[in-house]
Amino acid sequence: MSATLEQLTEEVRGLRSLIEAVAAVLSPAGQSRPLTAEELMRRWVVPGETLELRLDNLAKRCRARGLKPMKGTRGAFATYMVADVQAAEGFSNGTTKRRRRL
């Protein structure tokens with residue numbers, strides 16, 4: 001009985017750390033900080049077996065939504081302005097009629 005309780009406690013702790021990581025990416029407190037490619041891949045749940053495939057899929061999604069990385073950044077080190085990401089999400093959700101001109 002106590003082994004099951006300890007196992008459940010460990011699972012809850014693991015879930016709590018996962019929730020905190022997701023909240024850190026989506027929190028309004030970090031709105032002024034640009035999002036990295038890794039954070040955007042987690043936010044959009046980009047599929048891919050390897051990092052290269054996930055980056056390729058992220059680039060395709062960004063092109064489709066009219067999102068460009070900040071000047072001087074690309075690939076795994078690309079950063080994106082939060083307002084631009086939100087505008088791209090609005091376009092893909094249908095809440096914005098046109099893509100943002102960057």
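The values are calculated or read from the model by the stated rules, or taken from the named source; none is laboratory data. Treat the numbers as computed from the prediction; the structure is a model and nothing was measured. Note that we place each Cβ from the backbone using ideal geometry, even for glycine, and neighbour counts take in every protein chain shown. These accessible areas exclude ligands, DNA and RNA; they are computed on the full protein's heavy atoms, side chains included. Shrake-Rupley method; radii C 1.70, N 1.55, O 1.52, S 1.80 Å.
I need two numbers for the chain: Rg to one decimal and Dmax as a whole number, Cα atoms only, in Å.
Final numbers for Rg and Dmax: 17.0, 60 Å.
May I ask you to evaluate 6.51 cos²θ - 1.76 cosθ + 1.60, the Karplus curve with θ = phi - 60°, for each residue of the range 38-49 and list the ³J(HN,Hα) values in order in whole Hz, giving x for glycine and proline?
Along the range 38-49, the couplings run 5, 5, 5, 5, 5, 5, 9, 6, 7, x, x, 7 Hz.
Among 62-70, 5-13, how do they line up from the highest to the lowest mean number of other beta-carbon atoms within 10 Å? Could you put the intermediate results ahead of the total?
On the way: 62-70: 16.9, 5-13: 9.9.
Descending packing order for the listed peptides: 62-70, 5-13.
Hey, what angle do you get for helix 51-65 against the long axis of the chain, alpha-carbon based, 0 to 90 degrees rounded to 10?
Once rounded, one gets 50 degrees.
Rounded to a whole number, what % of the accessible area of the chain do carbon and sulfur atoms account for, probe 1.4 Å?
Taking all protein chains in place, the chain shows 57 percent carbon and sulfur surface.
Would you mind checking the tilt of helix 2-26 against the longest principal axis of the Cα atoms of the chain, expressed as 0 to 90 degrees and rounded to 10?
With both axes taken from Cα atoms, the answer is about 20 degrees.
Whole-Hz ³J(HN,Hα) for each residue in the range 69-80, computed from phi via Karplus 6.51 cos²θ - 1.76 cosθ + 1.60 with θ = phi - 60°, x for glycine and proline: what do you get?
For the range 69-80, the Karplus-derived couplings read x, 5, 4, x, 10, 6, x, 5, 9, 5, 10, 10 Hz, x marking Gly and Pro.
Averaged per residue, what accessible area in Å² does the chain show with a 1.4 Å probe, protein chains only?
Numbers: 7590 Å² over 102 residues.
So the chain comes to 74 Å² accessible per residue, rounded to a whole number.
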